[in-house]
């Protein structure tokens, strides 16, 4: 890892703490490794990403429905799916520096950190195990779900019966998953408690390749819509040695994470899971999970095209893509150039002087019910602008002494630094227009 990359990540982590995006969990007790809490701005950005995904994948589509499953799931689900047997990583330890690595990340038989000798591989289970009920024995063992897709397969028949969906159709879910990662690292990129955005699209086997290509294209459109620069995104096909046992084909959507070994890290996987999962649960449960076509009176075990991404990774990509440092009129400023639809705070109302606070607060109160806004009166107007630039706020509304007479305020745009002066009575409508459509190319 180069000094520049290390510096960039340190700066971003520092900004996330300073502006209330992400905190280390339990920091006052020394912190819990790879465990993160989302602060006031972080939870807003996270919710905006979630809402964008749900709107794109479910709300605007007639052929995708949603669900929300339990985190603690019947243990037989994970037995049938193969997780209890196969969900583990072979690990090796360096006998010199004590670092630990996944075996498939190591080339050769020496430590990549110090060159020391490595231990023999050992298997580490990735499932979090707990007990349900009064007795703590094998009969009470349950697991925290390591992924959100298996409950979708288990509920396939229930959802078909309840919604009367016809093939092809999808089932989407967002929620927490838990994996006992041995090498969790790189801020919120990889953690043991994380949130997934997954959609399983059920289709006829002969149509699977068509839908695979469709959903790969759709998922790329969504990432572009978040404002992520196209040069920082790519798709990469898995070769045969990488394919999961259930998949016939898979593409990763990747982002240029600065810490990634070859410069690219996975954001999301789009896979053709074939009929593996439904057949596994048919065998494991003894229940009929096939799809019955009432018109042709035929039964089919559908193929599944999966879209599986992480909310934390998406948020990190958005933050990295938006972060920049620049010089304006001889002064440096740090900017989070977040897309206005994702920005946690849409606008900040800034009285030029504390003497104007009461009047400016009246303006603030008129727009506060409409979108997330903040009020800041501490420090010089320049310092307040820079705080808002760091926080990713796209618009600042300045109330000055002229506002007392002309009943107008000045809107400043974060990226171009252009300004427009408008009547206070039109402020709410103008801000809504700017949030929806962006800053006009020629201003006003």
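The values are calculated or read from the model by the stated rules, or taken from the named source; none is laboratory data. As the structure is a computational prediction, the values presented were derived from the model and not from experiment. A quick note on method: Cβ atoms are made from the backbone with ideal geometry, for glycine too, and the neighbour counts reach across all protein chains shown.
General remarks:
- The lone criterion from (1) in contact with a strand residue (DSSP E or B) (Cβ under 7 Å, 6 or more places away or on another chain); (2) farther than 15 Å from residue 179 by Cα; (3) not assigned by TED's automatic domain parsing to the domain that holds residue 308 left unmet by residue 134 is number (1).
- Any chance residue 70 is more than 30 Å from residue 390 (Cα to Cα), at pLDDT 85 or above and assigned to a loop (DSSP other than H, G, I, E, B): yes
- Looking at segment 310-412, the strands (runs of 3 or more DSSP E) lying wholly inside it that each contain 1 or more residues that are without any contact (Cβ under 8 Å) to a residue 24 or more places away in the chain and under 27 Å from the mean Cα position of the chain (by Cα) sit at 323-328.
- Out of 77, 58, sole residue that is part of a helix (DSSP H, G or I), surrounded by 15 or more Cβ atoms within 10 Å (Cβ to Cβ) and at pLDDT below 95: 77
- Scanning segment 413-430 for residues that are assigned to a strand (DSSP E or B) and in contact with a helix residue (DSSP H, G or I) (Cβ under 7 Å, 6 or more places away or on another chain) turns up just one, 422.
- If you go through segment 167-189 and pick out every residue that is at pLDDT below 95, in contact with a strand residue (DSSP E or B) (Cβ under 9 Å, 6 or more places away or on another chain) and part of a loop (DSSP other than H, G, I, E, B), you end up with 6.
- Residue 142 being touching a residue at least 60 places away in the same chain (Cβ under 8 Å) and outside any loop (DSSP other than H, G, I, E, B): yes
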